[in-house]
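For reference, the structure discussed in these notes is given below.
Only the coordinates and a few stated rules stand behind these numbers; no lab work does. Just so you know, these numbers come straight off a predicted model, no measurement behind them. Ideal geometry is used to build each Cβ from the backbone, glycine not excepted, and the neighbour counts take in all protein chains shown.
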Amino acid sequence: MPDEPHMKSIGTFGAQLVLTDKEALMLERWDTPSETVYFSSTDTIKINEPITAFIIFSGCGADENGNCNLIGKYKIYQPDGSVYADLPFQEIWVNKPVPPNRNLALGVGYIKIVIEPHEQLGEYVVEMEVVDNNLKKKLLLETNFTATK
């Protein structure tokens with residue numbers, strides 16, 4: 001599949017940034033064994049309602065123990081272009097076995113965003129820098145959502 005702002009790859013290493021307003025349902029479906037996983041993504045959220053950003057990945061590099069070392073850093077911009085949040089690097093998949101057979105995996109680190117009534121309405125941009133420390137590769141993913149009343 002060709003690269004898109006929210007989904008990119010370098011060789012066999014790839015990642016996708018997903019926004020959902022149904023966090024619990026997504027986690028439940030992800031943990032249910034099946035050939036495919038369907039989950040609801042969204043690009044619109046109302047004031048005081050949460051939207052959750054997840055990373056789905058595949059092809060992370062293995063260290064000498066067969067484990068990944070995948071981290072990520074979220075940065076969120078408000079509708080006026082100013083920084084809403086610039087979070088530190090967090091674990092996506094660290095010291096965990098490489099998913100077998102190039103299977104997709106859901107990163108353990110994710111964030112929940114709630115736009116409050118005093119904050120800006122309009123389009124927010126969510127960036128995620130995904131770094132594979134074993135492969136020495138990084139992907140910059142981007143998606144957006146609109147906050148409404």
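Take region 74-127 and flag every residue that is assigned to a strand (DSSP E or B), under 13 Å from the mean Cα position of the chain (by Cα) and within 30 Å of Ser34 (Cα to Cα).
Tyr74, Gln90, Glu91, Ile92, Trp93, Ala105, Leu106, Ile111, Lys112, Ile113, Val126, Glu127, listed by residue number.
When you go through (1) touching a helix residue (DSSP H, G or I) at 6+ places or on another chain (Cβ under 8 Å); (2) closer than 16 Å to Glu123 by Cα; (3) buried (at least 17 other Cβ atoms within 10 Å of the Cβ) one by one for Pro50, which number turns out not to apply?
(3)
Taking into account only those residues within region 1-26 that are under 13 Å from Glu127 (Cα atoms) and not charged (D, E, K, R), which is nearest to the chain's Cα centre (by Cα)?
The selected residue is Leu17.
Name the residues in region 9-29 that are surrounded by fewer than 20 Cβ atoms within 10 Å (Cβ to Cβ) and more than 18 Å from Lys112 (Cβ to Cβ), would you?
Ser9, Ile10, Gly11, Thr12
So, in region 16-41, how many residues would count as being in contact with a Pro (Cβ under 9 Å, 6 or more places away or on another chain) and either without any contact (Cβ under 8 Å) to a residue 24 or more places away in the chain or closer than 25 Å to Lys138 by Cβ (or both)?
Residues that pass the stated criteria total 1.
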